[in-house]
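Read through the structure below, which is laid out as structure tokens, and then see the notes.
Laboratory data are not the source of any read-out in this text; all were calculated from the coordinates shown. Small disclaimer: the values here were computed from a predicted structure and weren't measured. Glycine gets a Cβ as well: all are built from the backbone with ideal geometry, and neighbour counts include every protein chain shown.
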Amino acid sequence: MKDDQGRQVTGKVRWRRFAVLAVPGFAVTAALAVALADGALAASFAVSGQEFKIRAQSMEGDGFAQYGGVDRNARGKLLPVAVTAIKSAKIHSLCQSVVTTLPMIGDISLQLTAGGGSKPVEAENLFIDATQMSGDASFKDIEIGRDASTLNKGPANAQGLQDAFGQQAKRIEISDVRQTAWATNAGTFKLSGLDMKIGLGRKECF
């Protein structure tokens, strides 16, 4: 895909590589704690101690922003993440999985699928706190290296710390999405064709 100036804008999205650029200001735990105390970083809820996996055939969205952030679990541990925020998104053939290991029982898997066929998953004001993501991505009107505190193309409150790395685009399209995340938030999240299964053993989306 080409942008409005006719330039090709495609490639693999590597969240760990992005985090190296996005999170240098968050490297010291004490600094993260101060930022949280000052309200500079939003921690809307305590995340669990388990990351979950998401796979999708494709995702497209309008109003994209991305910046470094931090989540916090119930024990108070600070977890650096790459926050991806999208005003309006459609996700095709979504799979979400998490595996819990219990004493005496072993691994228990929870797997959720939705958005197959002609009705994709729809989300408004979507925030994904990820530690890894890959896929083939195209952007329209992208701005890379913008101050995270000045981002204005994503949801209204999709902004990071001043002087921190950020990027944004008018539109994003990703195919063969694979992602590992601590949390997802959305203003609305419509799951058509929802199917949830729980079983013994490790059954993951990828």
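Note on residue 192 and residue 48: the model spin-label points, each 7 Å out from Cα along the C-beta direction, lie 2.8 nm apart. Over segment 100-170, calculate the relative contact order: mean separation of alpha carbon pairs under 8 Å at least 6 apart, over the residue count, as a percent. Relative CO of segment 100-170 lands at 24 percent. Other residues whose C-beta falls under 11 angstrom from the C-beta of residue 54 contribute a net charge of +1, scoring Lys and Arg +1 and Asp and Glu -1. Its convex hull of Cα atoms gives segment 84-145 a direction-averaged projected area, equal to a quarter of the hull surface, of 6.6 nm². If you wrap segment 48-111 in the convex hull of its Cα atoms and look at it from every side, the mean projected area works out to 5.8 nm².
For segment 69-187, what class follows from the C-alpha gyration tensor (a ≥ b ≥ c being the square roots of its eigenvalues): rounded when a/c is under 1.5, otherwise prolate if a/b is larger than b/c, else oblate? Oblate shape, in that a/c is at least 1.5 and b/c is the bigger or equal ratio. Per-residue extension of 0.36 nm, minus the Cα-Cα distance of residue 107 and residue 136, leaves a gain of 7.3 nm for this segment.
Each Cα pair under 8 Å and six or more residues apart adds its sequence gap; the mean of these over the residue count of segment 132-189 is a relative contact order of 44 percent. For a label point 7 angstrom out from the Cα of residue 144 toward its Cβ, which stretches of segment 169-186 have the backbone nitrogen within less than 13 Å? Zone members listed by number: 169. Within the set 53/90; 153/190; 119/170, which residue pairs have Cα atoms separated by over 20 Å? Exceeds cut-off: 153/190; 119/170.
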